[in-house]
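The values are calculated or read from the model by the stated rules, or taken from the named source; none is laboratory data. Keep in mind that this is a model prediction, so the values were computed, not measured. Heads up, the Cβs are rebuilt from the backbone with ideal geometry, glycines too, and the neighbour counts pull from every protein chain shown.
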Amino acid sequence: MIQTTKKSKTILIIEDDLKMQRVLKNRLTSEGFQIALALDGEEALRKTQTAVFDLILLDIILPKMNGLEFLKKFKSNKKNQTVPVVILTNLQYDDYKIIELMKEGATDYLVKAKYSLSELVRKVKEKIGK
């Protein structure tokens, strides 16, 4: 086994669809990323208080605390200002929710029905410089 000196980048996936969560985790793990998972905004916010993430993949429609609420609370902490947040959504850009998310500090977004896993990996690598 080859050991590397570079620390793996860590991604937090906030997604309440377990199948989608598993697919994303498997693909990103195979690309060399460390993955943490959260099913809702409240769980995700707790995880961001005890760990540092290089990037967050954020679903919008979540139980307990939705993606917009999470993003506002997450980005209100100064240490999180530079953490890229990529929205995973079924909404189009002209939807007011996407515009609001971008104003609140989201870095980018992908429309779930239109992106491939390869595109997701490319976007993740682009955002965190891997």
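Okay, here's what the table says:
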item	result
Number of positions in the range 74-92 that are in contact with a Leu (Cβ under 6 Å, 6 or more places away or on another chain) and either in a loop (DSSP other than H, G, I, E, B) or farther than 14 Å from Tyr109 by Cβ (or both)	1
Test: Glu43 is at pLDDT below 95 and not basic (Lys, Arg)	no
Odd one out for Leu117 among (1) in contact (Cβ under 8 Å) with a residue 40 or more places away in the chain; (2) within 11 Å of the chain's Cα centre (by Cα)	(2)
Those residues of the range 10-29 which are closer than 13 Å to Pro63 by Cβ and either among the polar types (S, T, N, Q) or in a helix (DSSP H, G or I) (or both), in sequence order	Leu18
Filter result (buried (at least 19 other Cβ atoms within 10 Å of the Cβ) and either at pLDDT 95 or above or polar (S, T, N, Q) (or both)) within the range 1-14	Ile11, Leu12, Ile13, Ile14
Which numbered condition Ile60 misses (of (1) closer than 20 Å to Ser8 by Cβ; (2) touching a Leu at 6+ places or on another chain (Cβ under 9 Å); (3) at pLDDT below 95)	(1)
Qualifying residues in the range 53-68 (those that are of a type outside the set (D, E, K, R) and in a loop (DSSP other than H, G, I, E, B)) - the one surrounded by the fewest Cβ atoms within 10 Å (Cβ to Cβ)	Pro63
So Leu71, is it at pLDDT below 95, in a helix (DSSP H, G or I) and either under 14 Å from the mean Cα position of the chain (by Cα) or within 22 Å of Lys125 (Cα to Cα) (or both)	yes
Matching option when the condition is modelled with pLDDT under 85 and surrounded by fewer than 17 Cβ atoms within 10 Å (Cβ to Cβ), among Gly129, Gly32	Gly129
